[in-house]
Structures are given as structure tokens and as C-alpha cells.
Amino acid sequence: MKGKVVIITGASSGIGKETARALAHAGATVVIAARRAEPLRQLAATHPGLVPIPADVTDDTAVTRLIETTVEKFGRLDILINNAGLGMRALVEKTKPEDARQVMDINFFGVLRCTQAALPIMRRQGAGQIVNIASVLAVIATPRNSIYCASKFALLAFSDALRLEVRSAGIDVITILPGYTDTPFFDNLVRYDGSARMSPFAGQRPEHVAQVILRACRRRRRQVSLTFLGILGGWAKRLVPGFVDWSLRRSV
Ligand SMILES: NC(=O)c1ccc[n+]([C@@H]2O[C@H](COP(=O)([O-])OP(=O)(O)OC[C@H]3O[C@@H](n4cnc5c(N)ncnc54)[C@H](OP(=O)(O)O)[C@@H]3O)[C@@H](O)[C@H]2O)c1
């Protein structure tokens with residue numbers, strides 16, 4: 001990672017924050033982006049390799065500025081980590097279309113915006129890595145998570161297609177599918193009723209997810225799934241979908 005220039009969205013909190021820290025410690029220059037400037041400033045104060053540029057991934061102009069400023073300052077862009085995300089827990093019948101649109105705008109169109117802005121630079125360089133943070137809910141859909149799952153299923157399909165389009169330009173597309181992780185994600189998600197958390201147990205640490213992301217970049221992995229339950233759920237969905245439906249129905 002030494003000398004690499006990285007942009008990470010959603011770096012003010014959780015997985016993004018820990019990944020930014022880990023990358024900076026590994027010697028990268030990391031542009032940290034999110035909407036809130038103050039947590040970015042505080043994070044940047046912990047390591048000289050962290051450079052804050054506040055940006056909302058739903059804003060075309062802000063995304064263009066983020067990418068252009070990075071290239072102006074550091075001359076290149078080696079890795080883009082599309083991590084910014086928002087959860088939503090609601091029954092389909094109760095889902096307000098404007099909330100669904102907001103989740104899709106951050107989780108899917110935000111990735112599209114950032115990727116489209118970064119690709120010309122990576123093509124010019126003849127190298128680059130785009131890392132998309134999806135979820136185990138990109139392969140298994142659970143009740144009360146329809147919109148969130150739809151956004152992550154879409155992101156997985158987008159990543160698979162993009163990988164085929166850019167491989168010959170020397171650009172890797174890496175998809176990370178984290179399982180349940182202890183971050184403020186569950187305090188922030190859109191929900192009208194019911195519990196925010198799907199499980200009473202503690203999730204994996206965001207520091208662990210960060211190390212997996214770094215390893216995936218170093219080894220140029222295609223896709224990495226995390227947590228035993230997440231991996232098991234993905235396989236079970238393929239092999240015994242009826243049984244998975246039966247067990248998930250009980251959690252509505
Ligand atoms: N936690 C889990 O169990 C889990 C599991 C699987 C996948 N994931 C995925 O992992 C990623 C990170 O989630 P997390 O758990 O670290 O959650 P988190 O702590 O809530 O972090 C979400 C980050 O996204 C940023 N963000 C939200 N809307 C944004 C926007 N419009 N523009 C720019 N930044 C925006 C937030 O910063 P600001 O509010 O400052 O903008 C924050 O930094 C997400 O894509 C999530 O779907 C999480």
C-alpha cells in the first residue's frame with residue numbers, strides 16, 4: 001500500500017473509518033470522504049496520511065470535485081473504495097418511496113457516480129482498483145430489508161458486469177460482502193418501527209473488515225464474503241432455498 005493514493009467514501013464512521021486508518025498505517029495516502037466534515041477532521045488529525053474532503057455521494061458536483069481534487073493534489077488515483085451506505089428496515093407495505101429512493105441513491109447510484117468519475121483516470125493510468133462494499137445481504141434477502149437488499153443485489157450485479165468491462169484496462173473490481181459488523185450503521189438506518197438490529201449478539205469488529213479489505217486489494221481478489229453465518233447463508237440459499245425461506249419467515 002506504500003505510496004498508493006486511495007479514496008474512501010463513508011470514512012467518517014464504522015468500516016470506512018477503520019479501513020482509512022489501516023490504509024494510512026500501511027503507507028497509503030487516503031482521501032477520506034463523507035458528508036460530515038467534523039468527524040473527518042478529527043480522523044485526519046490522527047495520521048498525516050489521511051486527507052479529509054467532505055463529499056456527499058448523492059451530489060454529482062461534489063463527487064466530481066472529490067475525484068478532481070484528489071488527482072490535482074496527488075497526481076493519481078490507485079484505489080477507490082465505495083463504502084458509503086445507509087440501511088433500511090421496513091416492511092414493503094410500509095416503505096415510503098422517498099426513503100427507498102434515498103437508500104438506492106446512496107448505496108447504488110452513489111457507487112455509480114464515484115466509479116464513473118474515477119474510471120477515466122484509472123484508464124489513463126492503465127491500472128487501478130475499485131472496491132465495492134456490498135453485504136452478505138447482496139446474496140440472501142431477509143424480511144424487513146427489501147430495499148437495502150435490493151440496493152446491495154444491484155451493487156453486486158453492477159460490480160460483476162463492470163469487472164468484465166474494465167479488466168483489459170488493468171482495473172480490478174473487488175466486491176466485499178461483510179456480515180453483521182458492530183458500527184453505528186444500526187443507529188443510522190431508516191426504520192419506522194421494530195428493532196434496528198437483526199441479532200442480539202455482537203457483530204464482527206470493523207477493524208477486522210478493514211484488514212480483509214486491505215488483503216483483498218493486495219491479493220487482487222474478485223469477491224470476499226465475511227462472517228461464518230453470512231457465508232453459510234449464501235450457500236444454503238443456493239442449495240436449500242426452501243429451508244432458508246422457512247427459517248427467515250420466522251423473523252418477520
Ligand atoms: N455494519 C454492518 O453490519 C454492515 C454489514 C454489511 C455491509 N455493510 C456496509 O458497509 C458500509 C459501511 O457501513 P458501516 O457499517 O460502517 O456504517 P456507518 O458506521 O453508518 O457508516 C456509514 C458511512 O457512510 C457515510 N454516508 C452515508 N450517507 C452518505 C452520503 N450520502 N455521502 C457520503 N457518505 C455517506 C456516513 O458518513 P456521513 O453521515 O458523515 O455522511 C458514514 O461514514 C455500508 O455500505 C454498509 O451497507 C455494513
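The values are calculated or read from the model by the stated rules, or taken from the named source; none is laboratory data. Only a predicted model underlies this, so the values are computations on that prediction, with no experimental measurement involved. Note that we place each Cβ from the backbone using ideal geometry, even for glycine, and neighbour counts take in every protein chain shown.
Report yes if Asp99 is buried (at least 20 other Cβ atoms within 10 Å of the Cβ) and either within 10 Å of the ligand (Cβ to nearest atom) or closer than 20 Å to Gly10 by Cβ (or both), otherwise no.
no
Going through the range 8-38 one residue at a time, which ones are within 6 Å of the ligand (Cβ to nearest atom), in contact with a Ser or Thr (Cβ under 8 Å, 6 or more places away or on another chain) and either hydroxyl-bearing (Ser, Thr, Tyr) or in a helix (DSSP H, G or I) (or both)?
Ser13, Gly14, Ile15, Gly16, listed by residue number.
Which residue is farthest from Phe185 (Cα to Cα), if the candidates are limited to the range 4-44 and must be surrounded by fewer than 18 Cβ atoms within 10 Å (Cβ to Cβ) and in contact with a strand residue (DSSP E or B) (Cβ under 8 Å, 6 or more places away or on another chain)?
The residue in question is Arg41.
Looking at the range 173-196, which of the residues that are touching a Ser or Thr at 6+ places or on another chain (Cβ under 7 Å) and among the hydroxyl-bearing types (Ser, Thr, Tyr) is surrounded by the most Cβ atoms within 10 Å (Cβ to Cβ)?
Thr175
Of the residues Thr181, Thr142, which single one is within 11 Å of the ligand (Cβ to nearest atom) and of a type in the set (Ser, Thr, Tyr)?
Thr181
Step by step: first the residues of the range 198-252, then only those that are in a loop (DSSP other than H, G, I, E, B), surrounded by 15 or more Cβ atoms within 10 Å (Cβ to Cβ) and of a type outside the set (Gly, Ala, Ser), then the one that is modelled with the lowest pLDDT. Which residue is that?
Met198
For the range 50-86, name all the residues that are within 11 Å of the ligand (Cβ to nearest atom) and either out of contact with any helix residue (DSSP H, G or I) (no Cβ under 7 Å at 6 or more places or on another chain) or in a helix (DSSP H, G or I) (or both).
Matches in the range 50-86: Asp59, Ala62, Val63, Leu66.
What are the residues in the range 123-157 that are over 24 Å from Gln211 (Cα atoms) and in a helix (DSSP H, G or I), if any?
Arg123, Arg124, Gln125, Ser146, Ile147, Tyr148, Cys149, Ala150, Ser151, Ala154, Ala157 - these are the residues of the range 123-157 that are over 24 Å from Gln211 (Cα atoms) and in a helix (DSSP H, G or I).
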